[in-house]
1. Can you tell me which of (1) modelled with pLDDT of 85 or more; (2) within 35 Å of the chain's Cα centre (by Cα) is the one M170 doesn't meet?
2. Would you list the helices (runs of 4 or more DSSP H) that sit entirely within the range 108-178 and hold 2 or more residues that are exposed (fewer than 10 other Cβ atoms within 10 Å of the Cβ)?
3. State which residue is modelled with the lowest pLDDT when the search covers only the range 1-59 and only residues that are under 30 Å from P102 (Cβ atoms) and polar (S, T, N, Q).
Amino acid sequence: MSRKFAKPLMIILPVLIFLGVAGSFLPPVRNRLDLWVAEIRYKLNPPEEVVFIPQEQIDAIDLSVTQTLQVLLAPTNTPTPSPTSTPTATQPGPTFTPTLTPPPTLTPTPLPETVRLSGFKYQHQHGLWNYCGPSTLATTLSYWGWTVDRLEVGEYIRGSRSRTDDKNTMPYELQSYA
């Protein structure tokens, strides 16, 4: 390469690299770049080849439990004292061989087909703009014997029935009422 092109190339190349990196932070360019990176990652490591199989995990847990039980139930060697007199030969007794019994597995409690809740008064939000928070709180409080309705809760939280600009009910507002 001649000296005539070396100096401009030394200036233009870093500028082009800088502009390329800076341009990659622009949202439209970043979106396309992220898609390309994701496609490359999926081609290198396809997710359909990595499948979660719960049986492998169950087998690993069963193996670790079995090995732990074998270690805990295995007879331990205790040191024998050195004899002071000459021992006589005796008949060996029966040997104990531990049998491993797996611990009982918990069976899940079956879910009931139907559930009937009682002890509260349902408060609907219909006819009023975005009264889900006051209605839910009034329904919940009726379970503990409070006799309030959604209008009382909404009036306290929103300040007045005439305030139609406040369409939001924050959790801290419900908490301060309760």
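The values are calculated or read from the model by the stated rules, or taken from the named source; none is laboratory data. Quantities reported herein were computed from a predicted structural model and do not represent experimental measurements. Neighbour counts run over all protein chains shown; Cβ positions are idealised from the backbone, glycine included.
1. Condition (1) is where M170 drops out.
2. Answer list for the range 108-178: 171-177.
3. Ranking the qualifying residues of the range 1-59, first place goes to Q55.
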